[in-house]
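Below is one structure, written out as structure tokens; the observations come after it.
We did not get these values from a lab; they are worked out from the coordinates using the rules stated. These numbers were taken from a predicted model, which means no experiment stands behind them. Because the Cβ atoms are built from the backbone with ideal geometry, glycine has one as well, and the counts that use them run over all protein chains shown.
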Amino acid sequence: MLANERGLIASVTAAVAFPCVLLFLWLMMTFAMYGYGRSAAVNVAGAAASAGAAQDGSVAACKKAAEALLANTDVLSQVSISCTRTATTATASVTGLTLSLVPGWSPRVTQSASMPVERVTR
């Protein structure tokens, strides 16, 4: 080994390791943003199902609650809301695109929530 080659191994190791660390951090941020989008979607679906399951709730109240909550978040885009109410169950489904670090790719998220409809019993 020549005297002027000292430290070359450390430079090569750093040149290989640094991009790998950046790739790892980039992937972790991508998965974190996907998880954040899923969390937002399930919160919206839960709030909508809760509004639809109220004693005087309706499908319209379900959609209105979901839209009100979506107005306060920028995590989801191109969102579609589906609400159904039967005699016993209110269900809300939220589908949308989450944020992404990959240009041209936005992961789709679908989350649903169901709640029993409130009934007055005597």
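Can you name the strands (runs of 3 or more DSSP E) wholly within the stretch 6-122 that have at least 3 residues being surrounded by 15 or more Cβ atoms within 10 Å (Cβ to Cβ) and touching a residue at least 40 places away in the same chain (Cβ under 8 Å)?
Details: elements: 77-85, 89-97, 108-116.
Hits in the stretch 6-122: 89-97, 108-116.
Scan the stretch 19-71 for residues that are under 20 Å from Ser106 (Cα atoms) and not aliphatic (A, V, I, L, M) and jot them down.
Phe24, Trp26, Thr30, Phe31, Tyr34, Gly35, Tyr36, Gly37, Arg38, Ser39, Asn43
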